[in-house]
Amino acid sequence: MINELLKHTLRLILLLFVQVLIVNNVNLSSYVNPYIYILLLMMLKVNVPKWQSLVIGFLLGAVMDMFSSTVGIHMFATTLLGYLRPRILSASLNKEDFDANIEPNIANKGFIWFFTYAASLIFVHHCSLFFLEIYSTKEFFATMQRVLYSSAVSLLMIILAQFLFFTVKPSDD
Amino acid sequence: MRNIIVFLYKYYNFILFLVLEFFSLYLIYQYNTYQRASFINFSNGVSGQAYSTVANFKSYFRLRQINDSLQLENARLRSELFTSYYNNEIRDFKVNDTIYKQQYTYIAAKVLNNSINKRNNYITLNRGAAHGVKTQMGVICDNGIVGIVMATSEHFCTVLSVLNSNAKISARIADDNAFGSLVWDGNDPTVCRLYDVNKHVQVANGKKIVTSGYSTIFPENIPVGEVQAHSLEAGDNFHTIKVRMSTNFSNLTSVYIINNFFKEEMDSLEILTKIKLPDDQ
């Protein structure tokens, strides 16, 4: 338990460091603002209780809000993720995965599963985040473009990070 | 009663979810109505410290650029010095200056954090309440406007960049008195749009745009940019003007916060007028 806590605290610091000091400073275009800090929430073990997932999401959003001079928009988006995550997991994993209490990463579940899992969560997060940021539907199509381009880049970065830290087992199943 | 407890127990996750989401929405709503949540002041202290460490590190790589811009500005200021003017006054006697009362002072500040690629961009500066910075003060750099102070902590402040959907700045065409409001449309950080300029005004590409001085935030005639393109739709009463910004937001380092001594007086007068108006009719 203590080990888990330590591991996730280190992950949080590393992800915040990368997000705030590196990713936020890369100006690709005004349409591309990747957010990779949600990887922390995505990679919690599958048996983490639903309320913990919610609270962790909420706190993660609060920290991110602090670093981006915004109030509440990251909080809303990450709490939504914290709510959806256990539901997506229970719909897409089988009983053995829950019994083994695996970490939902690319090494345990393979590329295709992780790709769908990450893509759906990233899309929901970016959607709520960008629309709350502009706080109107006036620029709907421009905002939608922002969501799509940013989601694609975030997904790419998150998958690259997975390959960097885990070795993918050959997909025989 | 028992049923309620069973219900609460069964759906406590969903209820917790709703509570947290409504709390976030409440904060967002408060923020948008310009009621500064104490959250942002608190977080300024935390993130400001982190950003200032990084900015220290980063500024080392930009020393040459900063030197160049400072040298330029020094040259400009030197040319405005009293000694570089020829005194055309024939009579020479001392007056207690009651005609010119100082209205603006400038607080120099360093940019700790800045973004240009989000829809709503914010800037963190290394000056705060301890240095006399208050909310709603204007921020400029040596070649143009930057934004408006949004929140302060003891040693830091957050600035609403001009590149933000909530920023609306009163500007006018330099040699004309036609004014409009300057808004960023979220695409190109070097281009803003000037709305509400009446159609009878002659607009030409390359004309200078400056601040109007109609608000208490920016003094008059601070450069904003120049007209890059303009169009007038048939049946429309107002020009749509694309303004190329003179401020380069991508490499902001040193800026000035404007302190307007008459701000409170002007604002309270305007509030008074707004309250009085309905009574007159």
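See the values below:
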item	result
Residue within the range A:132-149 that is away from chain B (no Cβ under 13 Å) and more than 24 Å from A:Leu44 (Cβ to Cβ) present	yes
Residue check, A:Thr143 open to solvent by 10 Å² or more (accessible area, probe 1.4 Å), without any contact (Cβ under 8 Å) to a residue 24 or more places away in the chain and β-branched (Val, Ile, Thr)	no
Test: A:Asn101 is at positive phi and open to solvent by 40 Å² or more (accessible area, probe 1.4 Å)	yes
The range A:4-60, subset at pLDDT below 90 and aromatic (Phe, Trp, Tyr), residue farthest from the chain's Cα centre (by Cα)	A:Tyr31
Selection within the range A:79-98 - open to solvent by 40 Å² or more (accessible area, probe 1.4 Å) and part of a helix (DSSP H, G or I)	A:Leu84, A:Arg87, A:Ile88, A:Ser90, A:Ala91, A:Ser92, A:Lys95, A:Glu96, A:Phe98
Subset of the range A:12-36 (residues that are in contact with a Ser or Thr (Cβ under 6 Å, 6 or more places away or on another chain), at the interface with chain B (Cβ under 10 Å from one of its Cβ atoms) and either open to solvent by less than 10 Å² (accessible area, probe 1.4 Å) or in a loop (DSSP other than H, G, I, E, B) (or both))	A:Asn33
Breaking point among (1) in a helix (DSSP H, G or I); (2) more than 10 Å from chain B (Cβ to nearest Cβ); (3) within 19 Å of A:Met157 (Cβ to Cβ), for A:His74	(2)
Check on A:Phe130, in contact with a Lys or Arg (Cβ under 9 Å, 6 or more places away or on another chain) and surrounded by 15 or more Cβ atoms within 10 Å (Cβ to Cβ)	yes
So B:Glu226, is it of a type in the set (Asp, Glu) and modelled with pLDDT of 90 or more	yes
Residues of the range B:184-238 classified as among the β-branched types (Val, Ile, Thr) and over 18 Å from the mean Cα position of the chain (by Cα), total	4
Top-ranked residue of the range B:118-155 - restricted to ones that are assigned to a loop (DSSP other than H, G, I, E, B) and touching a Leu at 6+ places or on another chain (Cβ under 7 Å), ranked as most open to solvent (accessible area, probe 1.4 Å)	B:Asn126
Single match in A:Leu39, A:Leu6 (criterion: at negative phi, out of contact with any strand residue (DSSP E or B) (no Cβ under 9 Å at 6 or more places or on another chain) and either among the aromatic types (Phe, Trp, Tyr) or surrounded by fewer than 21 Cβ atoms within 10 Å (Cβ to Cβ) (or both))	A:Leu6
Residue match in the range B:163-177 (condition: part of a loop (DSSP other than H, G, I, E, B), out of contact with any Phe, Trp or Tyr (no Cβ under 8 Å at 6 or more places or on another chain) and open to solvent by less than 20 Å² (accessible area, probe 1.4 Å))	no
Some residue of the range A:110-127 being within 14 Å of another protein chain (Cβ to nearest Cβ) and either free of Cβ contacts under 8 Å to residues at least 60 places away in the same chain or of a type in the set (Phe, Trp, Tyr) (or both)	yes
Residue match in the range A:153-160 (condition: over 28 Å from A:Glu4 (Cβ atoms), of a type in the set (A, V, I, L, M, F, W, C) and within 14 Å of chain B (Cβ to nearest Cβ))	yes
Test set (1) farther than 26 Å from B:Phe22 by Cα; (2) over 15 Å from the mean Cα position of the chain (by Cα); (3) in a helix (DSSP H, G or I) - A:Ile102 fails condition number	(3)
Matching entry among A:Leu40, A:Leu60 (being more than 25 Å from B:Lys10 (Cβ to Cβ) and either among the acidic types (Asp, Glu) or more than 14 Å from chain B (Cβ to nearest Cβ) (or both))	A:Leu40
Subset of the range B:224-252 [open to solvent by 20 Å² or more (accessible area, probe 1.4 Å) and in contact with a His (Cβ under 8 Å, 6 or more places away or on another chain)]	B:His230, B:Ser231, B:Leu232, B:Thr240, B:Lys242
B:Asn221, sole failed condition from (1) polar (S, T, N, Q); (2) modelled with pLDDT of 90 or more; (3) surrounded by fewer than 17 Cβ atoms within 10 Å (Cβ to Cβ)	(2)
Lone unmet requirement of (1) away from chain A (no Cβ under 14 Å); (2) open to solvent by 30 Å² or more (accessible area, probe 1.4 Å) for B:Val201	(2)
Matching residues in the range A:104-116 - criterion: being touching a Leu at 6+ places or on another chain (Cβ under 8 Å) and either farther than 17 Å from A:Pro34 by Cβ or open to solvent by less than 30 Å² (accessible area, probe 1.4 Å) (or both)	A:Pro104, A:Lys109
Among the residues listed as B:Lys208, B:Lys199, the single one being in contact (Cβ under 8 Å) with a residue 40 or more places away in the chain and out of contact with any Ser or Thr (no Cβ under 7 Å at 6 or more places or on another chain)	B:Lys199
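The values are calculated or read from the model by the stated rules, or taken from the named source; none is laboratory data. Note that this is a predicted model, so its numbers are computed, not measured. Positions of Cβ are backbone-derived with ideal geometry, glycine not excepted, and every protein chain shown enters the neighbour counts. Note: areas computed on protein heavy atoms with side chains; ligands, DNA, RNA excluded. Shrake-Rupley method; radii C 1.70, N 1.55, O 1.52, S 1.80 Å.
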